[in-house]
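For reference, the structure discussed in these notes is given below.
The values are calculated or read from the model by the stated rules, or taken from the named source; none is laboratory data. Computed from a predicted model, the values in this text were never measured in an experiment. Here Cβ is always computed from backbone atoms with ideal geometry, including for glycine, and neighbour counts include all displayed protein chains.
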Amino acid sequence: MEISDAETIQAAQRCIEPDCARLYGLRDKLLVCPHCGGLLEIVKRVNHAAQELKEMWRARRASNAPRDRSGVWRFRELLPFDEDAPIITLTEGNTPLYDAPRAARFCGLERLELKHQGCNPTGSFKDTGMTVAITQAVRLGARTAICASTGNTAASLAAYAARAGLGCAILVPRGQISLAKLAQTLDYGALVFEVEGNFDDCMRLIQELAAEETVYVVNSINPFRLEGQKTVAIELLEQLDWQVPDHVVLPGGNLGNSSALGKGFFELLALGLIARVPRISVVQAEGAAPFARLFARSQTDERVELVPIAAPQTLATAIKIGAPVSWKKALEVVRRTGGQVISVSEREIAEAKAIIGRDGIGCEPASAAAVAGIKRLVETGFIARASSVIAVLTGHFLKDSDYAINYHRGTLRAPGDKELEGAHRNLPIPVPANKAEILARLDHQTN
Ligand code: F0G
């Protein structure tokens, strides 16, 4: 129900359209603004001083209480729930920030750090949002949570719904998601519908299903999801001792994550925890780059609209999306922070992924797009060699081991059946069961 008294409310859902900006209660089950169809965001009044927040969050790292152990709920002063609200958590967040010297050299940087969101409980950044979305689903008394997915949201929803004892149903594009993600989702007990169509068809169906009383949509169009995902900005800054990096670069698909990351940084700025925000840049795959095209047009046209791509193509299936739902929020983030949106080729993604592996880290293909994008942005001069740069790795290596084995075997085929001869291939060596034969080959190892 619409609420009007913005001065006295503590938290609300608000339409992002500037000429609407209507407020709704936190317990209203909404997909978009019922008045104008705009995207919704959460607004919350925070009653703590900057230093107090920093100290409180740090102190919680020594606690064993589940809501303090979670790298999302530890920052609950910025989340739209009461202090003691029952939460559904799998101890998400708390992901490592790795120094990556080989990837830095590959990109032409003095230093590069990788924030590895693939180290979340189900192997992707989705968990940081899902803990909040499922907590909200429980607060609303929902019976079934649903989503469309390229695989990671599916696995995450399935796990958190299982923890909550909630039903869940998932729409995935048939034959277009990695088997590891499908296997996870089945294992967690979700009802999985394989839709004849692509992700954008699944997303359209979800928007139609959202009107049903019994279902609750947890795609990133849901503003509660983004509240969880925004906490990566806080965690990252804590890890950097509140020194703001020059650039943060991440892959973009449906564009929820870019929107959430930006929201996190802007809230910290407004609260006085930081004095500036990093430039946020988004990288897409060439065959699925509606946002990169939109951004290029936005340089000359203030009021651009997204033109969807009907048949997106990329081996980075996580970001094979032609009609991203959150483009308006993400565009605002990139513009306000002075970032860029670019696209990279299948070959650039494949080589970047192999290099990330050589740092002993690894990630799934979509995540590697961020590093491929950084290399490109260094080449164009947008990122200076000595600047501080963070790439957000969104998913774990094991999310798509088929891609990796095909890369190393030389059997990776890009859309259009283009061959991808990897520069960093590493093949297993067949040997007889004989020590001398193995030793002889060890001597030849080059690294
Ligand atoms: N990286 C990975 C590994 C993803 O799974 C996704 C999105 C993205 C990047 C892009 O994030 O959509 O917020 O811009 N995966 C969604 C899914 C679409 O269904 O798992 P985004």
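Summed over the range 329-360, the residues that are more than 13 Å from the ligand (Cβ to nearest atom), part of a helix (DSSP H, G or I) and over 20 Å from A318 (Cα atoms) give a count of 5. Among P121, P80, which is the only one that is modelled with pLDDT of 95 or more, more than 25 Å from A318 (Cα to Cα) and either assigned to a loop (DSSP other than H, G, I, E, B) or among the charged types (D, E, K, R) (or both)? Going through P121, P80 in turn, just one is modelled with pLDDT of 95 or more, more than 25 Å from A318 (Cα to Cα) and either assigned to a loop (DSSP other than H, G, I, E, B) or among the charged types (D, E, K, R) (or both): P80. Can you spot a residue in the range 355-365 that is crowded, with 24+ Cβ neighbours inside 10 Å and closer than 18 Å to V389 by Cβ? There is at least one residue in the range 355-365 that is crowded, with 24+ Cβ neighbours inside 10 Å and closer than 18 Å to V389 by Cβ.
Tally time: how many residues in the range 145-167 are among the hydrophobic types (A, V, I, L, M, F, W, C), outside any helix (DSSP H, G or I) and within 8 Å of the ligand (Cβ to nearest atom)?
Of the residues in that region, 2 qualify.
Could you list, in sequence order, the residues of the range 18-75 that are without any contact (Cβ under 8 Å) to a residue 24 or more places away in the chain, surrounded by 17 or more Cβ atoms within 10 Å (Cβ to Cβ) and of a type in the set (S, T, Y)? Within the range 18-75, just Y24 meets the criteria. All conditions in (1) of a type in the set (S, T, Y); (2) surrounded by fewer than 24 Cβ atoms within 10 Å (Cβ to Cβ); (3) within 16 Å of the ligand (Cβ to nearest atom) hold for S258, with the sole exception of (2).
Residues that are in contact with a helix residue (DSSP H, G or I) (Cβ under 7 Å, 6 or more places away or on another chain): which helices (runs of 4 or more DSSP H) entirely in the range 361-447 hold 1 or more of them?
Working: elements: 365-379, 401-409, 435-443.
Here the list reads 365-379, 401-409.
If the Cβ limit is 8 Å and pairs must be 6+ apart or interchain, which residue in the range 431-447 that is basic (K, R) pairs with which residue that is modelled with pLDDT of 90 or more? Sorted first by the residue in the range 431-447, then by its partner, the pairs are R441/I429; R441/V431.
Please tell me if I405 is at pLDDT 95 or above and either under 21 Å from P251 (Cα atoms) or of a type in the set (K, R) (or both).
Numbers: at pLDDT 95 or above: yes; either under 21 Å from P251 (Cα atoms) or of a type in the set (K, R) (or both): no.
So I405 does not fit the description; no.
Looking only at residues in the range 208-252 that are closer than 21 Å to L31 by Cβ and among the polar types (S, T, N, Q), the one that is surrounded by the most Cβ atoms within 10 Å (Cβ to Cβ) is Q229. Evaluating A369 against the criteria (1) in contact with a His (Cβ under 6 Å, 6 or more places away or on another chain); (2) crowded, with 22+ Cβ neighbours inside 10 Å leaves one unmet condition, (1). Condition first: within 16 Å of the ligand (Cβ to nearest atom), in a helix (DSSP H, G or I) and in contact with a helix residue (DSSP H, G or I) (Cβ under 8 Å, 6 or more places away or on another chain). Can you find one or more residues in the range 86-109 that meet it? No, the range 86-109 has no match at all.
Give the number of residues within the range 124-141 that are part of a loop (DSSP other than H, G, I, E, B) and surrounded by 24 or more Cβ atoms within 10 Å (Cβ to Cβ). Give the steps one after another, and end with the answer.
Pass one, the range 124-141, residues part of a loop (DSSP other than H, G, I, E, B): 125, 141.
Among the residues that remain, those that are also surrounded by 24 or more Cβ atoms within 10 Å (Cβ to Cβ) are: 125.
Residues in the range 124-141 being part of a loop (DSSP other than H, G, I, E, B) and surrounded by 24 or more Cβ atoms within 10 Å (Cβ to Cβ): 1 in total.
Take the range 291-318 and flag every residue that is within 15 Å of the ligand (Cβ to nearest atom) and either outside any helix (DSSP H, G or I) or touching a Ser or Thr at 6+ places or on another chain (Cβ under 7 Å) (or both).
Taking the range 291-318 and keeping what is within 15 Å of the ligand (Cβ to nearest atom), we get 291-292, 294-295, 306, 308-309, 312, 314-318.
Answer for the range 291-318, where residues must be within 15 Å of the ligand (Cβ to nearest atom) and either outside any helix (DSSP H, G or I) or touching a Ser or Thr at 6+ places or on another chain (Cβ under 7 Å) (or both): A292, L306, P308, I309, P312, T314, L315, A316, T317, A318.
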